[in-house]
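Written below as structure tokens is the structure these notes are about.
The values are calculated or read from the model by the stated rules, or taken from the named source; none is laboratory data. Note that the structure is predicted; figures quoted are calculated from it, not measured. As a convention, Cβ positions derive from the backbone with ideal geometry for all residues, glycine included, and neighbour counts pool all protein chains shown.
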Amino acid sequence: MSKLWGGRFTKETNKLVEEFTASIQFDQLMAKEDIAGSIAHATMLGECGIIEKNEIELIIKGLNQILEKIENNEVQFNIENEDIHMNIESMLIEEIGPIGGKLHTGRSRNDQVATDMHLYLKNKTSSIISLIEEVQNVIIQRAKNHVFTIMPGYTHLQRAQPVSFAHHLLAYFWMLERDKGRFKDSLKRVNISPLGAGALAGTTFPINRKFSAELLGFDDIYQNSLDAVSDRDFIVEFLSHSSLLMTHISRLSEELVIWSSQEFQFIELDDAFCTGSSIMPQKKNPDVPELLRGKTGRVYGSLFGLLTVLKGLPLAYNKDMQEDKEGMFDTVYTVQSSLQLLSGIIQTMKVNDKQMYEAVQKDYSNATDLADYLVRKNIPFRQAHEIVGKTVLYAIEQNKFLGEITLQEYKQISNVFDEEIYFTIHPKTVMEARVSEGGTSSNAVWNQIYKAEECVSMN
């Protein structure tokens, strides 16, 4: 088959080169975007009088027929045509004849592929924003049911202070809210049209770039043709935001794995999101959150891969930039499926509130409140800290928890202690005492839930 660009060549392309340089294996995912861009470009060529209107009508009709065939899985893409652009152009020429060859007037594959990726990421970013919000809504609903569920809060993976389980879950809501904000902000850079920038220097034809941009729903056009065809910042930004999102998903996944272990038993994951062992029949493995944790490295790899490709490239387009797509496609799929799975996991997991409550009764996470109690008795905090430290040491030596120490034993440590101490260090009192805004008291958590609901309702 003769290449569409083969006029200046005297030899056929080496088959290995053909396979090595082709991108149709993966960029066919942008077929709809490519056709949308071509229809907008053709419409503009007609409006500017560069191509006859009747020919434009024929071109657009042919493109729509090709789109219909693609949607019905009636198209076989050809590796000899290298990429999605040349595959569709070849189909168009086959569909309507030589007039199809006029479509490429005033543009290059360089601005064409950039346009496709802008359109693709605009759609996928909006989809990811919606999926983030779905997870946020699930978190809010689960939080509403567990405002009064008390669990150990941790630092260094050591029990620190009792917190509301709702409070712990909502921490991830706010991480996702920041992720959502980053993706929304990135749309300002995604929603710019490179179409009409040509190979690198623009075109000699009197095209109207703003008109084709409007047809495609872009907010603006690139002001520099070199920048238009060489810019991949918007993809790097997408991969960066996706990496941070996957970091948050991974952190929650790690906690789900820990909480569902025999040692913790804070939650039980639904069978639909677990797998078994081929040899140990008793096993119920948290494979899905483990994979969510593992997929994070895959997304990081795509980010670092593209940054490495771009770091030494001269202007404008270089074939290296073909490496921008696979990581982008893979990240879109990974992020979308990760969010969908995470939503299902959180929605269906069983919360073992009794086990959580038992845990906070068998630790020393109420020690800070013991110190605050002494401060309210007019003892300086540093002195109170030392007294409580000695109290904890005594309790450990006696194989007791703070609530099990008798008042007589407390008074041997300090005469300031009285009966009020047992109410003060009760897990529920400890949790409810954190009344500061953003704290873990039930009122503070409810206020947090109301603000979270406002965040998702505003979108």
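A quick yes/no check of all residues on (1) at pLDDT 95 or above; (2) surrounded by fewer than 24 Cβ atoms within 10 Å (Cβ to Cβ); (3) over 27 Å from Leu244 (Cβ atoms); (4) assigned by TED's automatic domain parsing to the domain that holds Gln336:
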residue: Asp83; (1), (2), (3), (4): no, no, yes, no
residue: Gly100; (1), (2), (3), (4): yes, yes, yes, no
residue: Lys122; (1), (2), (3), (4): yes, yes, no, yes
residue: Glu133; (1), (2), (3), (4): yes, yes, no, yes
(request) Might you check whether a residue that is in a helix (DSSP H, G or I), surrounded by fewer than 15 Cβ atoms within 10 Å (Cβ to Cβ) and among the acidic types (Asp, Glu) occurs anywhere in the stretch 290-304? (result) no
(request) Scan the stretch 368-384 for residues that are closer than 20 Å to Arg434 by Cβ, in contact with a Leu (Cβ under 9 Å, 6 or more places away or on another chain) and surrounded by fewer than 20 Cβ atoms within 10 Å (Cβ to Cβ) and jot them down. (result) Phe381
(request) Take the stretch 137-157 and flag every residue that is basic (Lys, Arg) and closer than 13 Å to Asp353 by Cβ. (result) Arg142
(message) Filter the stretch 222-274 down to the residues that are surrounded by fewer than 21 Cβ atoms within 10 Å (Cβ to Cβ), among the aliphatic types (A, V, I, L, M) and over 29 Å from Arg159 (Cα atoms) and list them by number.
(response) Leu226, Val236, Ala272
(request) Keeping to the stretch 68-82, report how many residues are acidic (Asp, Glu) and farther than 14 Å from Ile35 by Cβ. (result) 3
(message) Take the residues in the stretch 27-49 that are hydrophobic (A, V, I, L, M, F, W, C) and more than 16 Å from Leu103 (Cβ to Cβ); name whichever of them is surrounded by the fewest Cβ atoms within 10 Å (Cβ to Cβ).
(response) Leu29
(request) Would you mind stating whether Ile235 is hydrophobic (A, V, I, L, M, F, W, C), in a helix (DSSP H, G or I) and touching a residue at least 12 places away in the same chain (Cβ under 8 Å)? (result) yes
(request) Find all pairs meeting these conditions: Cβ atoms under 6 angstrom apart; at least six residues apart or on different chains; first residue within the stretch 271-291 and under 27 Å from His248 (Cα atoms); second residue surrounded by 13 or more Cβ atoms within 10 Å (Cβ to Cβ) and among the aromatic types (Phe, Trp, Tyr). (result) Val288/Phe273
(request) Considering only the stretch 213-227, state which residues are in a strand (DSSP E or B) and at positive phi. (result) none
(message) Looking at the stretch 232-280 only, could you name the residues that are closer than 21 Å to Gly305 by Cβ and aromatic (Phe, Trp, Tyr)?
(response) Phe234, Phe238
(message) Please return the ranges of helices (runs of 4 or more DSSP H) entirely within the stretch 374-454 where 2 or more residues are under 42 Å from the mean Cα position of the chain (by Cα).
(response) 427-432
(message) Every residue in the stretch 48-80 that is within 24 Å of Thr203 (Cα to Cα) and either touching a helix residue (DSSP H, G or I) at 6+ places or on another chain (Cβ under 6 Å) or not assigned by TED's automatic domain parsing to the domain that holds Met30 (or both), please.
(response) Ile51, Lys53, Glu55, Ile56, Leu58, Ile59, Ile60, Leu63
(message) Considering only the stretch 130-145, I want to know if a residue exists there that is within 22 Å of Lys32 (Cβ to Cβ) and either among the acidic types (Asp, Glu) or not in a loop (DSSP other than H, G, I, E, B) (or both).
(response) yes
(request) Report the residue count in the stretch 320-367 for those that are surrounded by fewer than 19 Cβ atoms within 10 Å (Cβ to Cβ), charged (D, E, K, R) and in a helix (DSSP H, G or I). (result) 7
(message) I'd like to check something: does the stretch 75-85 contain any residue that is of a type outside the set (Ser, Thr, Tyr), under 17 Å from Thr105 (Cα atoms), part of a helix (DSSP H, G or I) and in contact (Cβ under 8 Å) with a residue 12 or more places away in the chain?
(response) yes
(message) Quick test of your reading of the structure: Arg107 fulfils all but one of (1) charged (D, E, K, R); (2) part of a helix (DSSP H, G or I); (3) surrounded by 23 or more Cβ atoms within 10 Å (Cβ to Cβ). Name the failing condition by number.
(response) (2)
(request) Go through the residues of the stretch 151-163 one by one and say whether even a single one is in contact with a Phe, Trp or Tyr (Cβ under 8 Å, 6 or more places away or on another chain) and either surrounded by fewer than 17 Cβ atoms within 10 Å (Cβ to Cβ) or at positive phi (or both). (result) yes
(request) Working only within the stretch 179-222, note down all residues that are of a type in the set (Asp, Glu) and either modelled with pLDDT under 95 or over 15 Å from Ala36 (Cα atoms) (or both). (result) Asp179, Asp185, Asp219, Asp220
(request) Identify the single condition in (1) at pLDDT below 95; (2) part of a loop (DSSP other than H, G, I, E, B); (3) more than 25 Å from Thr331 (Cβ to Cβ) that Phe148 does not satisfy, given that it satisfies every other one. (result) (1)
